[in-house]
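The values are calculated or read from the model by the stated rules, or taken from the named source; none is laboratory data. Being a predicted model, the structure only gives us computed values, none of them experimental. Glycine gets a Cβ as well: all are built from the backbone with ideal geometry, and neighbour counts include every protein chain shown. Quick note on the areas: whole protein, heavy atoms, side chains included, nothing else; ligands and nucleic acids left out. Shrake-Rupley method; radii C 1.70, N 1.55, O 1.52, S 1.80 Å.
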Amino acid sequence: MSPVVIVLVSAGKRCLLGRQSSFPRGMFSALAGFCDMGESLEETVCREVAEEVGLEVHSVSYSSSQHWPFPHSSFMLGCHASVNPAYTQLNVDHSELEDARWFSLEEVNLALQVKTPPKRGDPQVLWLPPKHAIANRLITEWTDHQRRSEEGE
């Protein structure tokens, strides 16, 4: 079984989502990458975020895990990571990702309401991995935390 980190990066009131060219049209997700031998979970998160989008991670927290059968038997370790809101300029590695962008709470909340991918000819909308995916769990946790922060809890 191969360990993989999947991480939702945030900076203040925005979260970072990326897409691979193999994703369906309009789909963005959390960043992910395989753990190298001898690396801790935190080291993998920092390395993957630096390699894929050129950002320095300041904190990492573990969320949950999920078995993922594709492309082979993987064990996904879901994390949240934060970066300094003053240093959010992306340097996307296009050999890893087709695109990566910062999204607001409002944009993410709208995307969470999209239940199926847009069909050809439909206007392109942001949509996210389905509820059974750990990426959706990370994104939902982030939106819940943002709402609670806005409400002053």
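Below are the figures for this structure:
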read-out: Search result, residues across the range 110-128 that are open to solvent by 40 Å² or more (accessible area, probe 1.4 Å) and assigned to a loop (DSSP other than H, G, I, E, B); value: Gln113, Val114, Lys115, Thr116, Pro117, Lys119, Arg120, Gly121, Asp122, Pro123, Gln124, Val125
read-out: Check on Glu107, in contact with a Leu (Cβ under 8 Å, 6 or more places away or on another chain), charged (D, E, K, R) and farther than 25 Å from Val4 by Cβ; value: yes
read-out: Residue match in the range 33-55 (condition: within 26 Å of Lys115 (Cα to Cα), hydroxyl-bearing (Ser, Thr, Tyr) and at pLDDT 95 or above); value: no
read-out: Inter-residue pairs, beta-carbon under 9 Å, first of a type in the set (Asp, Glu) and in the range 17-38, second surrounded by fewer than 19 Cβ atoms within 10 Å (Cβ to Cβ), 6+ apart; value: Asp36/Glu43; Asp36/Arg47
read-out: Qualifying position, being closer than 17 Å to Phe23 by Cβ and either within 15 Å of the chain's Cα centre (by Cα) or in contact (Cβ under 8 Å) with a residue 12 or more places away in the chain (or both), among Ala50, Ala135; value: Ala135
read-out: Top-ranked residue of the range 41-64 - restricted to ones that are crowded, with 16+ Cβ neighbours inside 10 Å and of a type in the set (S, T, N, Q), ranked as farthest from Leu97 (Cα to Cα); value: Ser63
read-out: Selection status of Ser104, of a type in the set (S, T, N, Q) and within 22 Å of Gly26 (Cβ to Cβ); value: yes
read-out: Complete set of residues in the range 31-88 that are small (Gly, Ala, Ser) and in a strand (DSSP E or B); value: Ala32, Gly33, Ser59, Ser61, Ser63, Ser64, Ser65, Ser74, Gly78, Ala81, Ser82
read-out: Pair list, Cβ under 9 Å, 6 or more apart: the range 65-79 residue within 8 Å of Met1 (Cα to Cα), other residue open to solvent by 80 Å² or more (accessible area, probe 1.4 Å) and modelled with pLDDT of 75 or more; value: Ser73/His67; Ser74/Phe34; Ser74/His67; Phe75/His67
read-out: So Glu107, is it of a type in the set (D, E, K, R), surrounded by 14 or more Cβ atoms within 10 Å (Cβ to Cβ) and under 26 Å from Cys35 (Cα atoms); value: no
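Listed here are the residues, each with its yes/no results for (1) within 30 Å of Glu151 (Cα to Cα); (2) buried (at least 21 other Cβ atoms within 10 Å of the Cβ); (3) among the β-branched types (Val, Ile, Thr).
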| site | (1), (2), (3) |
| --- | --- |
| Val5 | no, yes, yes |
| Leu8 | yes, yes, no |
| Phe23 | no, no, no |
| Gly26 | no, no, no |
| Gly33 | no, no, no |
